[in-house]
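Asks: This is the structure I want to talk about, given as structure tokens.
The values are calculated or read from the model by the stated rules, or taken from the named source; none is laboratory data. Everything numeric here is computed off the predicted structure, so don't read it as measured data. Positions of Cβ are backbone-derived with ideal geometry, glycine not excepted, and every protein chain shown enters the neighbour counts. For the accessible areas, the whole protein counts, side chains as well, though only heavy atoms, and no ligand, DNA or RNA atoms are used. Shrake-Rupley method; radii C 1.70, N 1.55, O 1.52, S 1.80 Å.
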Amino acid sequence: MPSETGEGQAPPILDFSAFYGTDSAKKQELVDQVRECCLHNGFFQILGHQVPLELQQKAMNWNKRFFDLPLEEKVKVGKDTNTWNRGYELLRSQILEEGTLPELKEGFYIGDDLPKTHPYFINKKLNSGPNVWPSASALPDVDDFKDTAQEYYNQVVSLAKDILKVLALTLDLEETWFDEFTEGAVATMRLLHYPSQPADSETKLMRGIGAHTDFGTITLLLQDKVSGLQVFDYANDSWLDVAPTPGAFVVNLGNLMMRWSNDRYISNLHRVINNTGEERYSIPVFFSGKPDFMVECLPNCKAEGEEAKYAPITVEQAVVGGYQDSYGRAEKHKKDEAEKKNGGYIAVKAPEVAVA
Ligand SMILES: O=C(O)CCC(=O)C(=O)O
Ligand SMILES: [Fe+2]
């Protein structure tokens with residue numbers, strides 16, 4: 001284990017520029033570092049990628065500006081106005097960690113802007129359809145919001161594909177191994193706003209986002225300047241802070257990659273608690289993959305004679321299954337709340353599906 005990933009350390013910051021360079025020793029070093037992280041806790045951070053800092057900052061500014069809109073404007077583009085996972089999600093809509101309070105975050109979901117004539121939309125493929133945007137009367141420069149968000153989305157999805165090339169190399173596969181899976185891939189981005197948590201007696205049960213693992217293949221997260229993200233460290237039974245680093249993406253593997261690698265690679269627990277006294281903003285992009293792609297134990301992920309732990313499954317089935325688990329938990333909470341005579345807080349409408 002390199003020193004940066006030693007016990008009790010937050011995810012190391014790797015220099016991804018080696019992937020684009022011509023120095024094969026440096027590229028191999030990057031591949032080895034990424035492999036180490038995948039085996040350890042599935043988390044690393046990268047600098048030296050090709051997404052311009054200015055675009056990251058513009059996207060983050062739009063994140064703030066969107067959530068600054070009056071609530072009545074945000075609910076006009078509510079996530080409940082469509083079935084393909086686009087638009088605004090109210091504060092306290094999700095519970096990803098059993099037994100905690102509804103989460104103190106609001107979100108806005110954006111994806112590939114597919115027209116209603118697209119086969120993915122027609123066939124109701126995973127989270128596929130047109131984006132929704134506030135009206136020009138609510139936000140006169142909404143076109144800049146659209147352009148910025150879509151450009152940012154495209155660039156991060158392209159970076160995710162490059163990271164998958166490195167992941168292929170970590171498994172001694174051809175760099176192009178994931179190409180078929182990444183072509184026509186579905187990815188979802190969400191703008192997130194975490195108000196600062198009030199310092200009251202319930203804070204120990206309050207979460208910006210409860211402890212969870214992500215459902216998809218890989219997640220690329222941009223943090224603003226305010227901390228709050230923590231990764232669970234099983235070795236020390238403690239939470240590690242992921243301090244925001246300007247320009248860096250936090251990359252983590254999701255449950256689909258863990259399953260695909262026969263549990264060789266880790267999809268790790270993480271959460272957000274924002275008790276900084278400041279508003280926190282972040283932008284995760286969840287890369288799922290081509291919905292119909294069949295995920296079946298990757299080469300080099302089981303020893304000779306070892307059985308694959310999981311049956312083949314499509315990307316869509318795997319990701320939707322993840323939602324359903326969270327949905328069940330939120331439903332249970334809603335039921336428990338309804339049964340509670342003197343609940344200490346107001347029961348909330350459970351989300352349609354919980355996305356992480
Ligand atoms: O906002 C963050 O820092 C983390 C968000 C996250 O884990 C998620 O949306 O799945
Ligand atoms: Fe997450």
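Asks: For the cross-link pairs Lys125/Lys146; Lys76/Lys146; Lys79/Lys204; Lys58/Lys161, which exceed 27 Å when the distance is taken from alpha carbon to alpha carbon?
Replies: Values: Lys125/Lys146 23 Å; Lys76/Lys146 16 Å; Lys79/Lys204 29 Å; Lys58/Lys161 22 Å.
Beyond 27 Å: Lys79/Lys204.
Asks: Only Lys, Arg, Asp and Glu count, each charged at its Cβ (+1, +1, -1, -1), so figure out the dipole size of the chain about its Cα centre, rounded to 20 debye.
Replies: Dipole magnitude for the chain comes out near 1040 debye.
Asks: Could I ask something else about it? Please give, to one decimal in nm, the separation of the simple spin-label points placed at Gln9 and Asp80, each 7 Å out from Cα toward the Cβ.
Replies: The two pseudo-label positions are separated by 4.7 nm.
Asks: Let me ask something else. Report the extension gain between Leu71 and Gln150 in nm, rounded to one decimal, defined as 0.36 nm multiplied by the number of residues separating them, less their alpha carbon distance.
Replies: So the chain would gain 26.1 nm between Leu71 and Gln150.
Asks: When the convex hull of the C-alpha atoms of the range 103-199 is computed, what volume per residue in Å³ does it have?
Replies: Values: hull volume 15.1 nm³, N = 97.
Expressed per residue, the convex hull around the Cα atoms of the range 103-199 is 155 Å³.
Asks: With label points built 7 Å along Cα→Cβ from the Cα atoms of Trp239 and Ala25, find their separation and express it in nm.
Replies: In this crude label model, Trp239 to Ala25 measures out at 4.2 nm.
Asks: Shifting gears a bit: How far apart, in nm, are the 7 Å Cα→Cβ label points at Glu278 and Glu180?
Replies: If labels sit at Glu278 and Glu180, their model points lie 4.7 nm apart.
Asks: Gap in Å between the Cα centre of the range 35-74 and the Cα centre of the range 120-165?
Replies: Between the Cα centres of the range 120-165 and the range 35-74 lies a distance of 14 Å.
Asks: Right, here's the next one. Residue farthest toward the positive end of the dipole of the chain, with Cβ of Lys/Arg at +1 and Asp/Glu at -1: which of His270, Ala243, Gly208?
Replies: Gly208
Asks: In addition: Using R₀ = 41 Å, calculate the FRET efficiency as 1/(1 + (r/R₀)^6) where r is the Cβ-Cβ separation of Glu304 and Ile122; round to 0.05.
Replies: It comes to 0.35.
Asks: Mind checking Rg over Rh on the range 3-341, alpha carbons, Kirkwood formula for Rh?
Replies: Rg divided by Rh gives 0.95.
Asks: Might you work out the accessible area of Met189 for me, using a 1.4 Å probe with all protein chains in place, and round it to the nearest 10 Å²?
Replies: Per-residue accessible area (Met189): approximately 0 Å².
Asks: Taking 1 over the mean of 1/r across every pair of different Cα atoms in the range 1-107, what Kirkwood radius in Å do you get?
Replies: 17.6
Asks: Can you run phi through the Karplus equation (6.51, -1.76, 1.60; θ = phi - 60°) for the range 126-139 and list ³J(HN,Hα) in whole Hz, with x for Gly and Pro?
Replies: With coefficients 6.51, -1.76 and 1.60, one gets 2, 6, 10, x, x, 6, 10, 9, x, 6, 5, 6, 6, 9 Hz.
Asks: For Leu159, what accessible area in Å² do you get when you roll a 1.4 Å probe over the heavy atoms of the protein chains, rounding to the nearest 10?
Replies: 10
Asks: 5 Å is the cut-off here: which amide hydrogens, built 1.01 Å from N in the peptide plane, fall below it relative to Thr314, excluding neighbours closer than 5 in sequence?
Replies: Val295
Asks: Additional query: Which value in deg cm²/dmol, rounded to the nearest 500, describes the helix-derived mean residue ellipticity at 222 nm for the chain, given -39,500 (n - 2.57) per DSSP H run of n ≥ 4 and division by the residue count? Walk me through the numbers before you get to the answer.
Replies: Numbers: 9 runs with 111 residues, N = 356.
Calculated at 222 nm, the ellipticity per residue is -9500 deg cm²/dmol.
Asks: Can you check how the C-alpha radius of gyration of the range 264-315 compares to 2.2 N^0.38 Å, as a plain ratio?
Replies: On the way: Rg = 17.7 Å, N = 52, 2.2 N^0.38 = 9.9 Å.
The range 264-315 yields a ratio of 1.80.
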